There are 2 protein chains.
Amino acid sequence: MPKLDFDVITMGHGSGGLLTHRLLESGVFNLLKNDQLDQQHDGAILNISGPLAFTTDSYVISPIFFPGGDIGELAVNGSVNDLAMCGAIPKYLSLGFILEEGLPMADFWKILVSIKAASERAGVHVVTGDTKVVEKGKGDGIFINTSGIGELHPSARIHYSRIQPGDKIIVSGFVATHGIAIMSQRKGLEFETTIESDTACLNHLVLRLLDRLGEDVHFMRDPTRGGVATVLNEIAGQRRMGVEIKQRLIPVHPQVEGACEMLGLDPLYVANEGLFIAIVEEGAALTALDILRADELGANAAVIGQVVQAHPGQVVIESPIGGRRVVNYLTGEQLPRIC
Amino acid sequence: MPKLDFDVITMGHGSGGLLTHRLLESGVFNLLKNDQLDQQHDGAILNISGPLAFTTDSYVISPIFFPGGDIGELAVNGSVNDLAMCGAIPKYLSLGFILEEGLPMADFWKILVSIKAASERAGVHVVTGDTKVVEKGKGDGIFINTSGIGELHPSARIHYSRIQPGDKIIVSGFVATHGIAIMSQRKGLEFETTIESDTACLNHLVLRLLDRLGEDVHFMRDPTRGGVATVLNEIAGQRRMGVEIKQRLIPVHPQVEGACEMLGLDPLYVANEGLFIAIVEEGAALTALDILRADELGANAAVIGQVVQAHPGQVVIESPIGGRRVVNYLTGEQLPRIC
């Protein structure tokens, strides 16, 4: 950590004047160094061609440091993954901080270092940014917005309209891991677990899938807030088709399953961060599984069901003993500020 | 305003589940309707060619409704202007909301309508977005992040390195207007004034300037937080040249001048929102002024000084009676949360 004049973030760090300037000059610009950021203008000029994907997400997770990651890593991975889900190769990120007066400078620096590491792993550059400070009690430590730009993969054709009856539904790994890791840290909920958030950048894995399967990947989505159930409901609703999944096929880590039972939670509604759902052409499902399972991030990938013509708009799950029930949208809020 | 199930924003509206879905379906998607937003994916696919500009800004202004505008309009204009300052034609915006539990739904809707109107005036589309909710007391009504993408103007060559001694420094209108309008509303500071924020989109005006003058526009920047003084210091510092301005040439609205005197403020440090500084080739300055003054937004444009080889890194101002002094960076915080 470079020598900074203050131990905590002050209102002056958001003034746009000398303190903002020093904070950026002394630390941020140097840490995240790249040609575009060095332009130090109101925006970055990028040479990018062809169709691109554009995404945005704000991160308000609490606590900001959690088992397996922190808000900085999450903010990079989250937007990188959103781009990957569009069938794009993530290239550039913007970084918007809303800091609360009094945030320890050491925490801010730790988060910056984490952003740098996550950007390098994902292979993206932070090219433009913004820092605002709000008074103590008007924020919560740190909120981060990352917006991202990616180049569309040449053989990607990801769209709701491409989902067809017979398509297989694949999850890339264990579900509900992130949510349970965060819950284990929440006040009043603390419980013993070694579960860590699954936050990770999925773009390299998705790239391999698209390189190999191209148009046979019909749709992708990462089930963050609202979990797998929400994404499947969106698919069923948007496409006016049915979704059928089998409970026994859904991969859940035993510790996560135990925690869900203890808390009375359905893992299908719990948030994920390093997981995605792929809807693939029936005949390509086994190849997709092979590709996913060859990667550490996809080691527990599984086909969990399929798209059907029956019961359009509805997601139906079959229990291990053969009972069937409808899986609805999450109606309330399971755990606020999970991402 | 459409019929919504709640009078205020609740934590559930940030769940990613049913309430988030209903809020977006019932209002936001319909209001901001366009082809890209209709994709309703994790990001938008854009067909854009050639080099582009990418920018981000978070808006935390207090109060959220102020004379002459609101946080929604500000968030659109601010990012549109940042793109214009890069020499780009603004095309697409992302929209990230961080809402505080309890925000009246009517306020949220008013801000959305304002975002729509400002987007239409600027000629940009909101193509992707995100909504998070934080608990009461962990935010302040509403924070907005807008990131933007623009196509670089074919004859724009805006860069610090293009600034040369002899270049003229032009401001596009009255300075300090936004800051004074906001101050007049702050608790403990209230004073009588009819001054309204100058928030406006500058892209159409900048386009005319670039169409006509092309490469003769060496640099542009909008002096928001930190005011004109901060931008001039950044220019002097980055380019290692001197900046000389004359106080009598700086256009200030009489009411704003009065308020600044009353509050003991130097208008050069007060924030602006619908103003920009252009550094132009000496021989092109009069044409630039003509172009600016032909537009309502540039009616009060003026040449306020020039770039010099002397005193590199320093901004020097000449008083009406001929005295000279250095204009430094703003060292502290003049007025928190001005944008």
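The values are calculated or read from the model by the stated rules, or taken from the named source; none is laboratory data. None of these values were measured; they are calculated from a predicted model. FYI the Cβ positions are ideal-geometry reconstructions off the backbone, even for glycines, and counts take in every protein chain you see. Accessible surface is based on the protein model in full, side chains and every heavy atom, while ligands, DNA and RNA are left aside. Shrake-Rupley method; radii C 1.70, N 1.55, O 1.52, S 1.80 Å.
In debye, nearest 20, what is the charge dipole magnitude of the protein assembly as shown about its Cα centre with +1 on Lys and Arg Cβ and -1 on Asp and Glu Cβ, if you could check? Don't skip to the answer; put the middle values down first.
Details: 54 positive and 80 negative charges, 53 e Å.
Its charge dipole is roughly 260 debye.
Which listed residue (A:His253, A:Leu286, A:Gln334) has the Cα farthest towards the positive end of the charge dipole for the protein assembly as shown, taking +1 on Lys and Arg C-beta and -1 on Asp and Glu C-beta about the Cα centre?
The listed residue farthest towards the positive side: A:Leu286.
With label points built 7 Å along Cα→Cβ from the Cα atoms of B:Ala310 and B:Gln255, find their separation and express it in nm.
3.9
Placing +1 at every Lys and Arg Cβ and -1 at every Asp and Glu Cβ, with all other atoms neutral, what dipole size does chain A have around its Cα centre, in debye to the nearest 20? Write out the running numbers ahead of the final one.
Details: 27 positive and 40 negative charges, 110 e Å.
In total the dipole reaches around 540 debye.
Among A:Gly43, A:Ile61, A:Ala122, whose Cα lies farthest out toward the positive end of the dipole of the range A:11-152, if unit charges sit on the beta carbon of Lys, Arg (+1) and Asp, Glu (-1)?
A:Ala122
Give the Rg/Rh ratio for the range A:1-148, taking Rg as the radius of gyration of the Cα atoms and Rh as the Kirkwood radius, to two decimals.
Numbers: Rg = 14.9 Å, Rh = 15.6 Å.
Checking Rg against Rh, the ratio lands at 0.95.
At A:Glu296, label 7 Å along Cα→Cβ: distances to the other copies, nm, ascending?
List, nearest first: 6.0 nm.
Probe 1.4 Å, all protein chains in place: accessible area of B:Arg225 in Å², nearest 10?
About 40 Å², rounded to the nearest 10.
Along the charge dipole of the range B:11-152, which of B:Ile89, B:Leu74, B:Met105 sits closest to the positive end, that is, farthest toward it, with unit charges on the beta carbon of Lys, Arg, Asp and Glu (+1, +1, -1, -1)?
Working it through, the farthest residue towards the positive pole turns out to be B:Met105.
Starting from a label point 7 Å past Cα on the Cβ side, list the distances from B:Arg240 to the same position in the other copies, nm, shortest first.
Output for B:Arg240: 6.7 nm, nearest copy listed first.
What angle, in degrees between 0 and 90 and rounded to the nearest 10, separates the Cα long axis of helix B:203-213 from the longest principal axis of the Cα atoms of chain B?
Helix B:203-213 sits at roughly 40 degrees to that axis.
Give the aspartates and glutamates reachable from B:Lys91 as a straight Cα distance under 13 Å; neighbours fewer than 8 places away on the same chain don't count.
B:Lys91 reaches B:Asp82, B:Glu120, B:Glu151.
About its Cα centre, how strong a charge dipole does the range B:11-152 have in debye, to the nearest 20, once Lys and Arg get +1 and Asp and Glu get -1 at the Cβ?
Working: 9 positive and 16 negative charges, 26 e Å.
The calculation lands at about 120 debye.
Determine the distance separating the Cα centre of the range A:307-339 from the Cα centre of the range B:97-143; give it in Å without decimals.
Measuring centre to centre over Cα atoms gives 30 Å.
Pairing the Cα long axis of helix B:71-85 with the longest principal axis of chain B, what angle in degrees results, from 0 to 90 and rounded to the nearest 10?
Roughly 50 degrees, rounded to the nearest 10.
First measure r as the distance between the Cβ atoms of A:Phe6 and B:Met262, then evaluate 1/(1 + (r/R0)^6) with R0 = 35 Å and state the FRET efficiency to the nearest 0.05.
0.65
Per residue of B:92-99, count partner chain C-beta atoms within 10 Å of its C-beta, then hand back the mean as an integer.
Average per residue, whole number: 4.
Ignore the peptide's own chain and count Cβ atoms of other chains within 10 Å of each Cβ in B:310-320; give me the average, rounded.
Numbers: counts 0, 0, 0, 0, 0, 0, 0, 0, 0, 0, 0.
Neighbouring Cβ atoms belonging to other protein chains average 0 per residue here.
For chain B, build the convex hull from the C-alpha positions and give me its volume per residue in Å³. Each step should come with its number before you reach the end.
Values: hull volume 46.1 nm³, N = 339.
Roughly 136 Å³ of hull volume per residue.
How many percent of the accessible area of chain B is carbon or sulfur, using a 1.4 Å probe? Spell out each step's value before the answer.
On the way: 5920 of 12130 Å².
Solvent-exposed carbon and sulfur of chain B make up 49 percent of the total.
Would you mind computing, in nm to one decimal, how far apart the modelled labels at B:Arg157 and B:Gln185 are, each placed 7 Å from Cα along Cα→Cβ?
About 4.3 nm separates the two model spin labels.
Contact order normalised by length for chain A, with contacts defined as Cα pairs under 8 Å and 6 or more residues apart; what percent is it? Please list the in-between numbers first.
On the way: 770 pairs, mean separation 74.0, N = 339.
Computed over chain A, the figure is 22 percent.
Over the range B:174-304, what is the relative contact order in whole percent, taking alpha-carbon pairs under 8 Å and six or more residues apart?
Numbers: 186 pairs, mean separation 53.2, N = 131.
Relative contact order of the range B:174-304: 41 percent.
Counting helices only, and only those DSSP H runs with n ≥ 4, report the 222 nm mean residue ellipticity of the protein assembly as shown as the sum of -39,500 (n - 2.57) divided by its residues, in deg cm²/dmol to the nearest 500. Mind showing how you got there, number by number?
Details: 17 runs with 182 residues, N = 678.
Taken over the protein assembly as shown, the calculation gives -8000 deg cm²/dmol.
Dividing the convex hull volume of the alpha carbon atoms of the range B:55-114 by its residue count, what do you get in Å³ per residue?
Working: hull volume 5.7 nm³, N = 60.
Per residue, the Cα convex hull of the range B:55-114 comes to 94 Å³.
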